[in-house]
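The values are calculated or read from the model by the stated rules, or taken from the named source; none is laboratory data. Owing to the predicted nature of the structure, the values given are computational and were not obtained by experimental measurement. When we count neighbours, we look across all protein chains shown, and the Cβ atoms used for this are built from the backbone with ideal geometry, even at glycine. The accessibility values were calculated without ligands, DNA or RNA, using every heavy atom of the protein model including side chains. Shrake-Rupley method; radii C 1.70, N 1.55, O 1.52, S 1.80 Å.
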Amino acid sequence: AAKRGATGFAWYSEAQEAARLGHLSLVSDLRTAVAGSQLQMWLQPKFALPGGQAVGAEALVRWQHPQRGFVSPAEFIPFAEQTGYISMVTQWMLQEALRTLAQWARTQPALSISVNISTRDLLDPQFCERLQNLLAQHQVDPSCLRLEIVESGLMEDPQTSVDVLHCLRGMGLELSIDDFGTGYSSMAYLQKLPVSELKIDRSFVDGLDHQSGSQRLVKTMIELGHGMGLMVTAEGVETEAEKATLIALGCDVMQGYLGSRPLHGAALQAWFDGLPEP
Ligand code: C2E
Ligand code: CA
Ligand code: CA
Ligand code: CA
């Protein structure tokens, strides 16, 4: 039965408790996952508009759990953040991205890989130094590595975030604002960030063809990005109509199922082998 707090509302139920315990074991499994080989890096290609040339890819973590099967990052990343295991996941993804970039550099040196950085990573005092060490280990042009930081995460500690972003930029990395439009940051604040890309959240891209309201919003975001000298990428592009609208609005890059799903293994290799010589 549900226990009741002083307010009279149920503050936990058996179902919630079971879910909590389930997540606890998930989190202890996460330690094993990083140490073993249960994590995978999938890559979703990004394409220039209007021409369609590949410009790089976003790295997305996948967890193949031995008992639970595939666990979605939407499910385990929040718990990895709460427990601090996120720093191991991020470190592993950065390593994979740098290893892949080193391979790509021989034939496609212009392609970049974007890695998602959580707020917790950003506020970790050791993060910059660890990344510096990783870069020293892998002989990769640092400007081929992009870090994506969600707009809402920046606002948790705006001043520290600005300082850390400047440190990362100083190392030659490229920086992107992820899920733009969902974080309520001010223009004055955005202007202080040494970023070069703005990624419009896919909620704004959805149905862009027939909703003139969202079309005006996306137009404004693209103009804002261009006004600040940034490259603007649209996420979650799924239809030709969305793509055509984005081209008409002057968007620079698209990412989404229309261009490609996230790829791994043989499918990723086939995509890479099919790229034209630069
Ligand atoms: P995100 O950074 O916004 O990543 C884009 C998500 O949208 C990915 O989901 C991707 O598979 C999905 N997506 C791409 N194109 C389309 C499309 O056309 N339509 C739709 N409906 N979805 C599309 P995924 O891989 O499940 O990742 C979910 C979220 O988990 C990511 O959102 C990101 O916030 C987080 N995440 C994933 N990998 C990592 C990681 O390595 N580190 C951290 N810190 N977070 C990660
Ligand atoms: Ca992202
Ligand atoms: Ca995003
Ligand atoms: Ca959509």
Quick one: count up the residues across region 129-151 that are within 27 Å of LYS219 (Cα to Cα), assigned to a helix (DSSP H, G or I) and in contact with a helix residue (DSSP H, G or I) (Cβ under 8 Å, 6 or more places away or on another chain). 0
Would you confirm whether or not region 230-241 contains a residue that is at pLDDT 95 or above and in contact with a Pro (Cβ under 7 Å, 6 or more places away or on another chain)? no
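Any idea which residue in region 224-241 is surrounded by the fewest Cβ atoms within 10 Å (Cβ to Cβ), counting only those that are among the acidic types (Asp, Glu) and in contact with a Gly (Cβ under 8 Å, 6 or more places away or on another chain)?
Only one residue fits best here, namely GLU238.
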Top-ranked residue in region 111-134 [being touching a Gly at 6+ places or on another chain (Cβ under 8 Å) and closer than 30 Å to ALA270 by Cα; ranked as surrounded by the most Cβ atoms within 10 Å (Cβ to Cβ)]: SER114
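Would you confirm, using the coordinates I've provided, whether LEU275 is touching a residue at least 40 places away in the same chain (Cβ under 8 Å), under 30 Å from GLN38 (Cβ atoms), outside any helix (DSSP H, G or I) and more than 15 Å from ligand 4 (Cβ to nearest atom)?
Numbers: touching a residue at least 40 places away in the same chain (Cβ under 8 Å): yes; under 30 Å from GLN38 (Cβ atoms): yes; outside any helix (DSSP H, G or I): yes; more than 15 Å from ligand 4 (Cβ to nearest atom): yes.
In short, yes.
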Which number in (1) within 16 Å of ligand 1 (Cβ to nearest atom); (2) at pLDDT 90 or above; (3) open to solvent by less than 20 Å² (accessible area, probe 1.4 Å) marks the one condition that ALA80 misses? (2)
So, GLY51, is that one exposed (fewer than 11 other Cβ atoms within 10 Å of the Cβ), farther than 25 Å from ASP124 by Cβ and modelled with pLDDT of 85 or more or not? yes
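Can you tell me which of VAL218, VAL164 is out of contact with any strand residue (DSSP E or B) (no Cβ under 7 Å at 6 or more places or on another chain) and in a helix (DSSP H, G or I)?
Values: VAL218 fails: out of contact with any strand residue (DSSP E or B) (no Cβ under 7 Å at 6 or more places or on another chain).
Every option except VAL164 fails the conditions.
Residues in region 150-160: is at least one within 13 Å of ligand 1 (Cβ to nearest atom), free of Cβ contacts under 8 Å to residues at least 40 places away in the same chain and open to solvent by less than 30 Å² (accessible area, probe 1.4 Å)?
Just the residues of region 150-160 that are within 13 Å of ligand 1 (Cβ to nearest atom), to begin with: 150-153.
From the residues that got through so far, the ones that are free of Cβ contacts under 8 Å to residues at least 40 places away in the same chain too are 150-153.
Now drop any that are not open to solvent by less than 30 Å² (accessible area, probe 1.4 Å), which leaves 151, 153.
The answer is yes, given that some residue of region 150-160 is within 13 Å of ligand 1 (Cβ to nearest atom), free of Cβ contacts under 8 Å to residues at least 40 places away in the same chain and open to solvent by less than 30 Å² (accessible area, probe 1.4 Å).
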Flag if SER214 is modelled with pLDDT under 95, within 16 Å of ligand 1 (Cβ to nearest atom) and among the polar types (S, T, N, Q): yes
